[in-house]
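Peer 1: The structure's right below; bear with me while I get my questions together.
Read-outs: derived from the displayed coordinates by stated rules, not from any lab. Note that the structure is a prediction, hence the values are computed from the model and not measured. As a convention, Cβ positions derive from the backbone with ideal geometry for all residues, glycine included, and neighbour counts pool all protein chains shown.
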There are 2 protein chains.
Amino acid sequence: MSETLDERSWSVLSATVNGYIRMAVPVGSRVVNRLFGLSYSPATIRNVMADLEEEGYLTHPHTSAGRIPTAKGFRYFVDNSSFSMQEALPESASLSSFLDVILDESSPLDLLEVLSSVMNLVARMTNYTAIVLEPGTRNEERLLSFELIPVGERHLLAILVTDAGAVYKRTVLLPEGFRTKEIVFLGDALNASSRNVHLSKIREKLFDEMELLGEAYRETLQQLFFHNRMPEMKLFRTSRFAEMPEFSDASVLHAVMEVFEEKIALLEIFEDLVRQGGVSVQIGSENPIPGLKPCTLVSVPLLNGSVWLGSVGLVGPVRMQYDQVIPVMQYLSVRLNHWIQKTLPSQSPSTT
Amino acid sequence: MSETLDERSWSVLSATVNGYIRMAVPVGSRVVNRLFGLSYSPATIRNVMADLEEEGYLTHPHTSAGRIPTAKGFRYFVDNSSFSMQEALPESASLSSFLDVILDESSPLDLLEVLSSVMNLVARMTNYTAIVLEPGTRNEERLLSFELIPVGERHLLAILVTDAGAVYKRTVLLPEGFRTKEIVFLGDALNASSRNVHLSKIREKLFDEMELLGEAYRETLQQLFFHNRMPEMKLFRTSRFAEMPEFSDASVLHAVMEVFEEKIALLEIFEDLVRQGGVSVQIGSENPIPGLKPCTLVSVPLLNGSVWLGSVGLVGPVRMQYDQVIPVMQYLSVRLNHWIQKTLPSQSPSTT
DNA sequence: TTTTAGCACTCTGACATATTGAGTGCTAAC
DNA sequence: GTTAGCACTCAATATGTCAGAGTGCTAAAA
């Protein structure tokens with residue numbers, strides 16, 4: 001799709017990108033020549049850079065400044081570099097052994113918790129902001145268990161477990177004169193009859209049966225059975241942004257922080273990236289959120305078969321250490337998805 | 001304890017504090033005279049200000065600048081002002097009706113969720129950062145229900161409900177050759193025998209009984225019964241700090257953000273403030289966290305009898321709109337604690 | 001005795017101006 | 001095709017000036 005650069009242009013581009021990533025300052029021909037040991041003189045490099053600028057890979061903040069890679073430049077760099085785990089991250093061994101421990105099948109299983117502790121470590125290792133996302137209610141889930149537990153005099157706690165390992169809970173006040181026994185009985189019946197049935201099916205069935213009941217019953221039943229779990233998103237080390245030079249402008253920083261706080265926009269991005277699978281890299285304005293324009297988002301969806309269970313991601317400045325981040329995320333993608341497939345009950349579409 | 005200011009000093013101090021809160025800039029004698037309609041001339045006010053400075057209520061950034069209140073000045077101001085809800089916050093009516101809806105006893109009950117939606121609104125109304133804290137496992141809790149639910153082939157989901165409305169859950173892999181039935185039976189027995197008993201008592205009892213069992217059993221039982229819930233802390237609108245002039249210095253902002261991220265330090269503060277009860281105001285360096293020195297924390301513990309269920313708080317710059325924040329938090333203290341006492345099962349210390 | 005007016009003084013912040021240096025683009029030589 | 005040399009540009013820094021806000025002090029007024 002995109003044209004290919006010749007050997008010399010590529011070496012100049014990649015040196016420029018690497019230099020900018022390392023120093024956060026426009027890099028000039030001299031630096032590229034000296035620090036990266038290119039065998040061309042600064043003058044030649046200047047010529048190449050001028051060409052690269054014309055083709056849209058580099059820019060110029062002002063006449064007498066060095067070059068800065070554009071989004072296109074970063075994109076080309078990312079697409080044409082081959083990153084490898086071993087040389088990238090000195091702590092890669094410790095990440096691997098950490099995963100060995102935490103993904104041990106004998107340890108307690110809670111997706112959000114596992115992902116959180118993993119990404120907490122990754123955030124610390126890479127020095128970028130990590131994201132863990134667990135989407136909200138998904139109708140593809142199947143019921144594993146439904147329990148009603150009386151709490152105090154007039155409350156009932158409903159607990160609903162699905163095959164995705166999700167636990168939904170909700171406490172409901174029973175209206176005056178409500179017969180607790182009846183509803184508990186109904187719950188038991190549901191538990192027995194609807195095991196392994198998709199949640200959406202159960203809802204349909206319940207709606208049909210509820211036609212016969214009175215208003216008060218209906219209301220309470222709705223509350224007990226139809227919980228929606230909100231999507232859950234956790235962020236680690238967002239404070240890093242306050243240290244980075246490209247966010248020294250308070251308004252830029254504020255914009256990013258607001259994106260992190262609202263979460264809805266991020267959720268949508270992750271949703272979109274699920275179908276893509278594998279490691280996605282969105283550089284700068286490649287993502288649709290305005291406040292996130294100065295950032296790059298590297299993300300990985302987690303799937304059990306075709307069911308989306310969650311996503312993990314890393315956010316940093318466009319000037320990100322791609323050579324570290326991408327191998328780490330590739331590695332995580334493999335390990336985590338493997339673990340999910342091995343540990344969670346598989347979801348064959350047979351009983352749909 | 002602290003000396004009392006005469007009428008005139010007080011009016012100058014309070015005008016200075018109010019002016020500084022409003023404008024975030026050192027206030028001079030002229031401003032105090034004009035904008036606050038004091039009947040003294042700027043010269044007199046200067047004299048008073050010089051006195052107040054000597055006594056430690058005000059400072060001077062440099063010779064020809066206006067005055068800034070010290071922490072002591074703010075403290076005196078807060079202690080000696082009488083704030084009232086109605087005039088303070090124009091949206092107070094909407095807060096009140098929001099609470100009417102969300103604290104309706106017929107709506108589903110989940111402390112963390114309720115507090116979160118309330119403080120989310122409060123953060124938006126006051127334009128400060130709001131905190132909601134639910135402490136971790138508390139041994140004062142009593143068991144309401146214990147359920148074991150088989151998940152898939154070899155997993156067991158343990159769900160433990162306490163009278164504080166807390167739900168603990170944990171999924172455990174059963175070792176090879178483990179007799180599921182036996183352990184479910186054990187769970188049922190516990191459920192029947194230990195209802196309304198304090199968690200700590202149950203643990204002791206279980207420890208005693210476990211002496212008789214083999215290693216594999218012990219391990220699994222531990223995992224099933226002894227969950228610890230981590231403290232849960234939620235923050236709303238932390239991004240506000242990026243907009244405030246006193247945090248335009250990136251390192252100051254970063255320090256605050258790190259405090260918000262680590263959470264442990266904040267947790268300790270909230271723990272300390274529980275015994276104090278009611279609305280606590282910690283101005284500037286009155287709190288022990290270095291990074292939070294330029295901030296004021298206003299907090300309220302939530303108690304069911306003598307049991308600490310959670311806390312809510314607001315964090316802003318020392319230059320905070322105390323006349324808004326304090327009445328709001330007082331109001332919240334009353335409404336939320338009242339709701340908790342009415343809604344949650346009361347905890348009499350009889351079965352201790 | 002308390003309050004106020006007046007005045008000299010100080011310091012910041014804004015603005016204008018010079019200076020430096022990094023880096024470019026171009027041309028001519030290798 | 002590559003490189004050395006040179007004139008040029010522009011940001012960043014330093015220096016200097018000036019206005020304005022605000023103080024502290026003293027002496028007069030209440």
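Peer 1: At q = 0.06, 0.11, 0.15 Å⁻¹, what log₁₀ I(q)/I(0) does chain B have when each alpha carbon counts as one equal point scatterer in the Debye sum?
Peer 2: Scattering profile of chain B, log10 relative to I(0): -0.32, -0.83, -1.23.
Peer 1: Sticking with this structure for a sec: Rounded to a whole number of µm²/s, how large is the Stokes-Einstein D of segment A:191-304 at 4 °C and 1.567 mPa s, given Rh as the Kirkwood radius over C-alpha pairs?
Peer 2: 72 µm²/s
Peer 1: Would you kindly work out, in nm and rounded to one decimal, the distances from the label point of B:ALA192 to those of the same position in each other copy, ordered shortest first, with label points 7 Å along Cα-to-Cβ?
Peer 2: 2.0
Peer 1: In Å and on Cα atoms, what radius of gyration and Dmax does the protein assembly as shown show?
Peer 2: For the protein assembly as shown, the Cα radius of gyration and maximum Cα-Cα distance read 29.8, 90 Å.
Peer 1: Could you sort B:185-194, A:295-304, A:224-233 so that the peptide with the highest average Cβ count within 10 Å comes first and the rest follow in order?
Peer 2: Top to bottom by mean Cβ count within 10 Å: A:295-304, A:224-233, B:185-194.
Peer 1: Quick one: what does P(r) look like for segment B:179-226 with 10 Å bins over all Cα pairs, in whole %?
Peer 2: 25, 62, 14
Peer 1: Follow-up. Which value, to two decimals, describes the C-alpha radius of gyration of segment B:143-225 once divided by 2.2 N^0.38 Å?
Peer 2: Against the compact-globule rule of thumb, the ratio is 1.05.
Peer 1: Further question on the same structure: Please list, in chain and number order, the residues 5+ apart from A:ARG67 or on another chain whose amide H is under 5 Å from its amide H, with Hs placed from the backbone.
Peer 2: Amide H neighbours of A:ARG67, under 5 Å, 5+ apart: A:VAL27, A:GLY28.
Peer 1: Related question: Each label point is 7 Å from the Cα along the Cα-to-Cβ direction; what then is the distance between the points at A:GLU7 and B:GLU55, in nm?
Peer 2: 8.3 nm
Peer 1: Taking only Cα atoms, what is the 0 to 90° angle, nearest 10, from helix B:215-225's long axis to the longest principal axis of chain B?
Peer 2: 50 degrees
Peer 1: Extension gain B:GLU232-B:SER41, at 0.36 nm per residue separation less the Cα-Cα distance, in nm?
Peer 2: 63.4 nm
Peer 1: Of the residues A:ALA123, A:ALA166, A:ALA216, which exhibits the maximal mean-square fluctuation in a Gaussian network model of chain A defined by a 10 Å Cα contact cut-off?
Peer 2: Ranking A:ALA123, A:ALA166, A:ALA216 by mean-square fluctuation puts A:ALA216 first.
Peer 1: I'd like the mean, over residues of B:253-266, of how many other protein chain beta carbons sit within 10 Å of each residue's own Cβ.
Peer 2: 3
Peer 1: If you take the Cα atoms of segment A:250-352, find Rg, then find the Kirkwood Rh from the mean of 1/r over all pairs, what is Rg/Rh?
Peer 2: Answer for segment A:250-352: 1.04.
Peer 1: A follow-up question, please. Excluding same-chain pairs closer than 8 in sequence, count the lysine pairs in chain B whose Cα atoms lie under 28 Å apart.
Peer 2: Here the count comes out as 15.
Peer 1: Could you calculate the contour length gain from A:ILE264 to A:ASP188, that is, 0.36 nm times the residue separation minus the distance between their Cα atoms, to one decimal place in nm?
Peer 2: 23.7 nm
Peer 1: Once you sort the root eigenvalues of the Cα gyration tensor of segment B:7-80 as a ≥ b ≥ c, which label holds: rounded (a/c under 1.5), prolate (a/b larger than b/c) or oblate (the other case)?
Peer 2: Since a/c stays below 1.5, the shape of segment B:7-80 is classed as rounded.
Peer 1: Now a separate question. What's the center-to-center distance, using Cα atoms, between segment B:316-335 and segment B:236-303 in Å?
Peer 2: Spelled out, the Cα-based centre of one part sits 14 Å from the other.
Peer 1: Indicate the gyration tensor shape class of segment A:216-274 (rounded, prolate or oblate), computed on the Cα atoms with a ≥ b ≥ c the square roots of the eigenvalues: a/c under 1.5 is rounded; otherwise a/b larger than b/c is prolate and the rest oblate.
Peer 2: prolate
Peer 1: In peptide B:236-243, how many Cβ atoms from other protein chains are near each Cβ within 10 Å, on average?
Peer 2: 6
Peer 1: Here is a further query. For segment B:263-316, take every pair of Cα atoms, bin their distances at 5 Å starting from 0, and report each bin as a whole percent.
Peer 2: Calculated over all Cα pairs of segment B:263-316, the distribution is 4, 21, 33, 24, 11, 5, 1 percent.
Peer 1: Next up: Which of A:PRO290, A:ALA250, A:SER239 sits farthest toward the positive end of the charge dipole of segment A:227-292, with +1 on the Cβ of Lys and Arg and -1 on the Cβ of Asp and Glu?
Peer 2: A:SER239
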